[in-house]
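Data block below; observations after.
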Amino acid sequence: SAVISQKPSRDICQRGTSLTIQCQVDSQVTMMFWYRQQPGQSLTLIATANQGSEATYESGFVIDKFPISRPNLTFSTLTVSNMSPEDSSIYLCSANSVGQGFYGYTFGSGTRLTVV
Amino acid sequence: KQEVTQIPAALSVPEGENLVLNCSFTDSAIYNLQWFRQDPGKGLTSLLLIQSSQREQTSGRLNASLDKSSGRSTLYIAASQPGDSATYLCAVKTAGNTPLVFGKGTRLSVIA
């Protein structure tokens, strides 16, 4: 299955600033997904990142707040803009992984963001 | 809209006990179901993947079953160990390249 490298693993940021999270996949994948996991909660999908087109955002998430780039089939970034303490969460990227009979999803190791 | 529910929300057991975690989903038209493990503050590790045509999958002390018609899956952990302590998440994929829909997880504590 694909391996996803995500960075940074954690950061503490000042309110009003922005943070860009990167995910690198070791193989080409069609779609990548960005999730947010607020403290004590499960994963909520932010958006689907397609190569060569605009990302598709879920209800409650907007491009101005969470701009996404997908320059090629192995890389994506998520920016958390104009941060507030409510943005403190774990952010995870994911991709569908096909190979050796495995057709599931793999995840990056997550970015633990604290906004102060 | 697909909804995934996991019961119980939290579970504490003594070491060595066998245990079952439950997952249910509202729309039985799924492509596959995946069980993940998440350690505190970390990412997700895939444990087992069951295709819609399969009934169960096994990996070591873990066994996951799927009853698509009733919208249920169970994760069975045999001879639990303190290292099994984590949150276990169930997620379903409805079709193609659609994203996973997650349950809220079961937080497991295995006491030595």
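Read-outs throughout are calculated quantities, based only on the coordinates presented, and are distinct from any laboratory measurement. Quantities reported herein were computed from a predicted structural model and do not represent experimental measurements. Because the Cβ atoms are built from the backbone with ideal geometry, glycine has one as well, and the counts that use them run over all protein chains shown.
What FRET efficiency comes out for the pair A:SER27/A:ASN50, r = Cβ-Cβ distance, R0 = 22 Å, nearest 0.05? Step by step, r from the Cβ atoms, then E = 0.85. Remark: the protein assembly as shown carries a charge dipole of roughly 60 debye about the Cα centre, counting +1 on each Lys and Arg Cβ and -1 on each Asp and Glu Cβ. Each of A:ASN72 and A:THR114 was given a label point 7 Å from its Cα along the Cα-to-Cβ line. The distance between the two points is 3.6 nm.
Taking a ≥ b ≥ c as the square roots of the eigenvalues of the Cα gyration tensor, an a/c ratio of 1.5 or more together with a/b larger than b/c marks chain B as prolate.
Based on Cβ point charges of +1 for Lys and Arg and -1 for Asp and Glu, what charge dipole magnitude is obtained for chain A about its Cα centre, in debye rounded to the nearest 20?
Details: 7 positive and 7 negative charges, 41 e Å.
Roughly 200 debye for chain A.
Fully extending the segment from B:SER12 to B:TYR31, taken as 0.36 nm per residue of separation minus the present Cα-Cα distance, adds 3.7 nm. Net charge in the neighbourhood of A:CYS13 (other residues with Cβ under 14 Å of its Cβ; Lys, Arg +1, Asp, Glu -1) is 0.
The label point for A:GLU86 and the one for B:ARG72, both projected 7 Å from the Cα toward the Cβ, are 3.9 nm apart.
Could you please report the charge total around B:VAL4, scoring K, R as +1 and D, E as -1 over all other residues with beta-carbon less than 15 angstrom from its beta-carbon? Working shown, then result.
On the way: positive: B:LYS1, B:LYS68, B:ARG72, B:LYS93, B:LYS104; negative: B:GLU3, B:ASP27, B:ASP67.
Here the charged neighbours net out to +2.
Per the Debye formula on identical point scatterers at the alpha carbon atoms of chain A, with no solvent, log10 I(q)/I(0) at q = 0.14, 0.18 Å⁻¹ is -0.53, -0.86.
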